[in-house]
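Structure first, then comments.
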Amino acid sequence: MKCGILFFTLFALLLTANTKGGNMPGRSDDALAYLQRCNVIWDTPSADSSGSMPLGNGDIGVNVWVEPNGDLVFYLSKTDAWSEVNRLLKLGRVRVTLSPSLLNGGRFFRQELRLLQGEVLIQGGNPDKPTSLRVWVDAYRPVVWVDVDSPQPVHVRAHVEIWRNSNRRLEGRELFSAYGLMDAPFPVVEHADTVLEDHRDRVVWFHRNPTSIFEQTLRHQGLQSLIGKIPDPLLYRTFGGMMRGKGLTREDARTLRSANPAKRFSIAIHLLTAQTDTVKQWIERLEAQAARTESVPRNQARAAHQRWWLSFWRRSWIVVSSTPQADVVTQGYALQRFINACAGRGAYPIKFNGSIFTVDSRESDEHFDADYRRWGGEYWFQNTRLPYWSMIPAGDFEMMQPLFRMYANALPLAKERTRLYFGHEGAYFPETITFWGTYANCNYGWNREGKPISHIDNPYIRYYYSCNLELLTLALEYFFHTGDKRFLHDTLLPFADASIAFYDRHFPRDDGGKLLFKPAQSLETYPDVVNPLPDIAGLRWTLEGLLRLPLGKEHAHRRHLWQRLLGQLPPLPARTENGQTFLLPAQEILAPPINSENPELYAVFPYRLYGVGKPDIQVARNTYARRPYKGNEGWRQDPIWAAMLGMAEEARNMVAQRFATKHPGSRFPAFWGPNYDWIPDQDHGCAGMIALQAMLMQTDGNRILLFPAWPKGWDVSFRLHAPGKTVVEGVFRAGKLQTLKVTPAIREKDVTVLEPQ
């Protein structure tokens, strides 16, 4: 990888134009020019998919690489390609071969991920007049484009590679990628893909689910009353694509080739997921979609695509400089935000365990195809949330919609489950769910003999309800930042009503009239406790937030409930020893820990009851110092807590280490992992993003604190979003704040600039 090669002259000119001089961008365009130094550039081909670059449009993803023979190869993925057994599958793999070869003797090769343009540009052959391949996924349309531009006429051959050629039973270690069906008392089978034989100049292929685990799951978990009321989201789900291009003719069912050599070709791969009654209907929808896409002039579509990406990068940035360590942080932050954008606007939330960028697995005893991922298709809220926390200060609010939509769609099921399992109103979501809202079957437990319907076998999530409060916290943050009143009434309040009602009805009161959380657990780590801190802190934070909502008199009944429940909360569990007070995971711990989280620090993040500018911060710092489980990888939140507590040096070192620690088997510098999950690990990079954002800016109601945990040795240019539709933009250089712009200007009075440490 090489950084800083592209647009070096432009970058130098922009810095020269900056009146302050130095090496720190001071304006929007300067920051964009600086970000181009984060482009990933390779000057040699890759051996296999482990040397791929990610690209996407928010729903469709590709992993792009060039093999030593000069073939361009890429995987195709989509956020809604769920198989009949709830695995998120690839749609296929495409191989593009040029004749003469792209490498043309191996004299020159360059592959570049161009962040500002949202594309991968590959060049080979003569360095003075190279042949170029440009891959881009239209930001507005469901199509992948491969543009070939050669100084001399070439032949092109494009081939769709399918590996799911027959029905196949998942067994052994591979069954881990169908996590919810581990130890299932029946065969776990995925069906073959189909390649269409229609003798037209195109390749059409698809996977169609002729079966589904949905109804079996409802029956197994005692939810058979919902069969017929909630549509089966898997049955007949069909996903695949159509590849075609002007000047390309059919060689066979999977292959197109050029009829004649030419200097330019454009290959379109149109992708579609839909549930249709028949295959014919799916093909008709795909054809109509492709016709609409191709009716837009290519130059117009590409210009709009590039404008989207420029707008994305202008929306927010953090550019840290002055040391090699800072350069690593800048690139890590930019690349993780890019990966979020590539998968963040689809039908379903970002998968923490690889997103849509999994490739062929070569980990120890896990040698499987690109459909494999540890922990399967279920969503762990503890892991899913971290990408979404990073989106709020970045202003990437549209990318939060898939998360809210998935839980909103599952709310009717959650309400019915609560009624059936516990006999009261409200709703809860398990910590681990399928995308339609049920438990993973293996967590619920296969053997139900003698067990009540509400009993959950898996002790890690048996009484884990606090994820509902963090989801509500994310919704509150979204509203306070955007002021979206439709979201308030259609999404936030239904979440609040269901979650608060659950806590109000589910737990008894003690002799003093306070809520008594028992039976309960504190995250996954402490499976049997009384009064866990995350639940108490989460209720206090969300109830206080709900009471700040701009609601009219017609919501008085809600406000009464929120006030009443706030008054019934027990205190946060704490202890004082040797003159030092610190927080505890729970008031009572009745069983030994089974995981390695620090629930006591949830009062710092995500529920910001303690932090910079708040009373009793030393209590939280004592708690941080005493935390039993320390680490800086995957979903661990140590750098976030350090930043929230104003510990600049510790936060700096952990953020720098985190962004420098990638998966050793992957070539791309922001493919982290596997850590506790899979590759690329989305928690690892996003926790680093959240920590860096918190080092720069923290908010508390209307207050905006700048540099609460910023090291004086790092120069920075930044643009971040705060509540009240506020944008804060500034440059800190040579130990001083050089520029500061707050929009709207009326919010300047709410900004407090702290001294970097």
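The values are calculated or read from the model by the stated rules, or taken from the named source; none is laboratory data. Note that the structure is predicted; figures quoted are calculated from it, not measured. Cβ coordinates were reconstructed from backbone atoms using ideal geometry, including for glycine residues, and neighbour counts include every protein chain displayed. Areas reflect the complete protein model, heavy atoms only, side chains present, ligands, DNA and RNA absent. Shrake-Rupley method; radii C 1.70, N 1.55, O 1.52, S 1.80 Å.
The table that follows gives values for the structure above.
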read-out	value
Inter-residue pairs, beta-carbon under 6 Å, first over 17 Å from residue 498 (Cβ atoms) and in segment 546-574, second open to solvent by 50 Å² or more (accessible area, probe 1.4 Å) and not small (Gly, Ala, Ser), 6+ apart	568/514; 569/540; 570/514; 573/587
Qualifying positions in segment 218-243 - in a strand (DSSP E or B), among the hydrophobic types (A, V, I, L, M, F, W, C) and closer than 19 Å to residue 90 by Cβ	239, 242, 243
Qualifying residue in segment 95-106 (condition: under 20 Å from the mean Cα position of the chain (by Cα) and touching a residue at least 24 places away in the same chain (Cβ under 8 Å))	no
Whichever residue in segment 692-701 is out of contact with any strand residue (DSSP E or B) (no Cβ under 9 Å at 6 or more places or on another chain) and within 15 Å of residue 724 (Cβ to Cβ) and, among such residues, is most open to solvent (accessible area, probe 1.4 Å)	700
Residues being among the polar types (S, T, N, Q), touching a Gly at 6+ places or on another chain (Cβ under 7 Å) and more than 18 Å from residue 500 (Cβ to Cβ) - total across segment 411-454	2
Top-ranked residue in segment 170-181 [being surrounded by 13 or more Cβ atoms within 10 Å (Cβ to Cβ) and out of contact with any helix residue (DSSP H, G or I) (no Cβ under 9 Å at 6 or more places or on another chain); ranked as farthest from residue 378 (Cα to Cα)]	173
Test: residue in segment 411-432 that is in contact with a Cys (Cβ under 6 Å, 6 or more places away or on another chain) and either among the basic types (Lys, Arg) or open to solvent by less than 10 Å² (accessible area, probe 1.4 Å) (or both)	yes
Residue list for segment 311-327, filter: surrounded by fewer than 18 Cβ atoms within 10 Å (Cβ to Cβ) and over 14 Å from residue 652 (Cα atoms)	311, 314, 315
Where a residue in segment 28-41 is at pLDDT below 85 and open to solvent by 10 Å² or more (accessible area, probe 1.4 Å) and its partner, wherever it lies, is in a helix (DSSP H, G or I) and of a type in the set (Lys, Arg), with Cβ under 6 Å and at least six apart	28/314
Leading residue by the ranking (nearest to residue 155 (Cα to Cα)) among those in segment 244-285 that are open to solvent by 70 Å² or more (accessible area, probe 1.4 Å) and among the acidic types (Asp, Glu)	251
Qualifying residue in segment 158-165 (condition: closer than 30 Å to residue 188 by Cβ, surrounded by 24 or more Cβ atoms within 10 Å (Cβ to Cβ) and among the aliphatic types (A, V, I, L, M))	yes
Test: residue 288 is open to solvent by less than 40 Å² (accessible area, probe 1.4 Å) and of a type in the set (Gly, Ala, Ser)	no
Candidate set: segment 91-143, residues that are among the hydroxyl-bearing types (Ser, Thr, Tyr) and under 26 Å from residue 251 (Cα atoms); chosen: the one surrounded by the most Cβ atoms within 10 Å (Cβ to Cβ)	131
Single residue of segment 296-336 satisfying the filter (under 25 Å from the mean Cα position of the chain (by Cα), part of a helix (DSSP H, G or I) and aliphatic (A, V, I, L, M)) that is nearest to residue 737 (Cα to Cα)	326
Residue match in segment 731-741 (condition: open to solvent by 20 Å² or more (accessible area, probe 1.4 Å), out of contact with any Asp or Glu (no Cβ under 8 Å at 6 or more places or on another chain), closer than 23 Å to residue 478 by Cα and not charged (D, E, K, R))	no
Some residue of segment 182-199 being touching a residue at least 60 places away in the same chain (Cβ under 8 Å), open to solvent by 20 Å² or more (accessible area, probe 1.4 Å) and touching a Lys or Arg at 6+ places or on another chain (Cβ under 6 Å)	yes
Test for residue 496: is it in contact (Cβ under 8 Å) with a residue 60 or more places away in the chain, part of a loop (DSSP other than H, G, I, E, B) and surrounded by 21 or more Cβ atoms within 10 Å (Cβ to Cβ)	no
Top-ranked residue in segment 209-243 [being open to solvent by less than 10 Å² (accessible area, probe 1.4 Å) and among the β-branched types (Val, Ile, Thr); ranked as farthest from residue 285 (Cα to Cα)]	217
Single condition residue 721 does not satisfy, out of (1) over 27 Å from residue 634 (Cβ atoms); (2) touching a residue at least 24 places away in the same chain (Cβ under 8 Å); (3) in a strand (DSSP E or B)	(1)
All helices (runs of 4 or more DSSP H) inside segment 586-689 with 2 or more residues being surrounded by fewer than 20 Cβ atoms within 10 Å (Cβ to Cβ), of a type in the set (A, V, I, L, M) and modelled with pLDDT of 95 or more	617-626
Count of segment 645-688 residues which are closer than 20 Å to residue 53 by Cα, of a type in the set (A, V, I, L, M) and out of contact with any Asp or Glu (no Cβ under 9 Å at 6 or more places or on another chain)	2
Output for segment 342-365, where each listed residue is assigned to a loop (DSSP other than H, G, I, E, B) and open to solvent by less than 10 Å² (accessible area, probe 1.4 Å)	344, 346, 349, 350, 351, 352, 354, 355, 356, 357, 358, 361
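Conditions (1) among the acidic types (Asp, Glu); (2) assigned to a loop (DSSP other than H, G, I, E, B); (3) in contact with a Leu (Cβ under 6 Å, 6 or more places away or on another chain), marked per residue:
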| site | (1), (2), (3) |
| --- | --- |
| 104 | no, yes, no |
| 124 | no, no, yes |
| 127 | no, yes, no |
| 149 | yes, no, no |
| 152 | no, no, no |
| 164 | no, yes, no |
| 175 | no, no, no |
